[in-house]
Structure formats: structure tokens, C-alpha cells
1. When residues of the stretch 35-59 are filtered for being touching a helix residue (DSSP H, G or I) at 6+ places or on another chain (Cβ under 9 Å) and either at pLDDT 95 or above or on the phi > 0 side of the Ramachandran plot (or both), how many remain?
2. Inside the stretch 168-206, can you point out the residues that are open to solvent by 70 Å² or more (accessible area, probe 1.4 Å), at pLDDT 90 or above, part of a strand (DSSP E or B) and in contact with an Asp or Glu (Cβ under 7 Å, 6 or more places away or on another chain)?
3. Being assigned to a loop (DSSP other than H, G, I, E, B) and open to solvent by less than 70 Å² (accessible area, probe 1.4 Å) is the filter here; which residues of the stretch 39-56 pass it?
4. Mind checking whether some residue in the stretch 137-160 is under 18 Å from residue 33 (Cβ atoms), modelled with pLDDT of 95 or more and open to solvent by less than 40 Å² (accessible area, probe 1.4 Å)?
5. Within the stretch 117-128, can you find the residues that are open to solvent by 40 Å² or more (accessible area, probe 1.4 Å), in contact (Cβ under 8 Å) with a residue 40 or more places away in the chain and over 13 Å from residue 38 (Cβ atoms)?
6. For the stretch 6-14, does any single residue satisfy the condition of being modelled with pLDDT of 95 or more, open to solvent by less than 80 Å² (accessible area, probe 1.4 Å) and touching a Pro at 6+ places or on another chain (Cβ under 9 Å)?
7. Looking at the stretch 29-38, is at least one residue open to solvent by 50 Å² or more (accessible area, probe 1.4 Å) and assigned to a strand (DSSP E or B)?
8. Yes or no: the stretch 91-113 includes at least one residue that is in contact with a Phe, Trp or Tyr (Cβ under 9 Å, 6 or more places away or on another chain), crowded, with 17+ Cβ neighbours inside 10 Å and over 24 Å from residue 193 (Cα atoms).
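The values are calculated or read from the model by the stated rules, or taken from the named source; none is laboratory data. Model, not experiment: these values are computed from the prediction. Don't worry about glycine lacking a Cβ; one is built from the backbone with ideal geometry, like all the others, and counts go over all protein chains shown. These accessible areas exclude ligands, DNA and RNA; they are computed on the full protein's heavy atoms, side chains included. Shrake-Rupley method; radii C 1.70, N 1.55, O 1.52, S 1.80 Å.
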Amino acid sequence: SISLRTEVSYRNLDALNWIVGYELGYDVSDASVLNTIYSSPSQLTSAPFIQLRYKINSMWLLGTGLRYDYRFVDPGSSYGIRTFTAISPKINLTHMMKGERIFQLSANKGFRAPSISELYLDHLTPYGLPLKGNSALEPESMWSLEMNYRSHFLNDVKWSMGIFYNYYDQMIDFVYTYPVKSKNRNDIEGAGTELSLSYTKERFIL
């Protein structure tokens, strides 16, 4: 596996900050757990992205972003080449209150193309359970909504609380049937909350 990431940040005036970047990755495998009908499957991943942060005023900050994913998968041995593409937007709004308190709302779309093993796995475990990939898999996408609040309690304790909701379309999962096979699952939802606390005591040296 080889990966490269580069980005350029540019500040325009005091309120606007641009980040433009690019990710490039190349993977190739001849692992013995892959289906032998394929010859060293490989994949090329290309993903330019842009992010924008705008300071509305001393209390409000708006962030947006856009990413384009392209993956080219070649199973080798003259089998069909597959390509996966997606555009993923995101937006977040941050409210900075007095006393180092921060409230944040965000919405974003995630994307994940199937990996080489999820497409072409063919393996028999030592206890006789076959594991198989699925060359017809569709890419996975997810919409996520989050709300977070961070604050101080007294002077030494920092705490945060978050609520999230995720909706998956074409989720990629290994379904434990016989054989265990990678499949797409539709209309998967997840929701939850997170709470964290941290304690820091300043040390004084005389």
C-alpha cells in the first residue's frame, strides 16, 4: 500500500480560511486468502477535497467541505474492472460561548468503496468455515447528524456530551451465514450519545 496526502491552507482576510487538498492511494495484493481466479488485484484511489471556514462574528463559526472520491479496481486476469465514485458534502456550525463553552451542530455524508478482501476474499478457516468476498458489492454511503457541547466544570474538569444519528445505505458487512459472505445491507440506522470527562490539576513549582 502506498498513500499520499497533501493540502494547502490559505487565509483570506481574518474571517475566511480555505483548505484545498488531495489524497492518492495505490494498493495491490497477492495474498493467499484471495480467490485464485484473480491475479494480484489492485486498486487506485483518488480524492480531491476542499474545506471552507468562515468566522461570522466573535461567537459563530461556519464550516463547509466537499470531497470527490474515485476508486479504480482491477482484479487482474482479464476480469471486469470496477470503478466507484461519490461526492461527499459536509457542513458544521459552531457557537463559542463565554467560559470556553462550545456548542456544535454538524451534518456530513461519508463514503466507502469496498476493499480488495471484501470483493475477492476466498478463505477456509482452520475450523472449516468458508469466508467469501462478493465482486458485485456496491459502495457504502452514510449520512451523519451530530450535536456536541463542550464545557468546563469548576477549573480542573473538562466535559463534553454528544448526540449522533447515522443512516447507512448499502452498508458493507460480512453476514455470518454459511458461507460467511460480504453483502450490502440497506436502511441501517444507528443513534447514540457520548459523554466524556477529563481532569487536569495544575502543578506549582516553588
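1. Final tally of qualifying residues: 3.
2. 183, 185
3. 39, 40, 41
4. yes
5. The answer is 123, and nothing else.
6. No, there is no match, as no residue in the stretch 6-14 is modelled with pLDDT of 95 or more, open to solvent by less than 80 Å² (accessible area, probe 1.4 Å) and touching a Pro at 6+ places or on another chain (Cβ under 9 Å).
7. No, the stretch 29-38 contains no residue that is open to solvent by 50 Å² or more (accessible area, probe 1.4 Å) and assigned to a strand (DSSP E or B).
8. For the stretch 91-113, residues in contact with a Phe, Trp or Tyr (Cβ under 9 Å, 6 or more places away or on another chain), crowded, with 17+ Cβ neighbours inside 10 Å and over 24 Å from residue 193 (Cα atoms): present.
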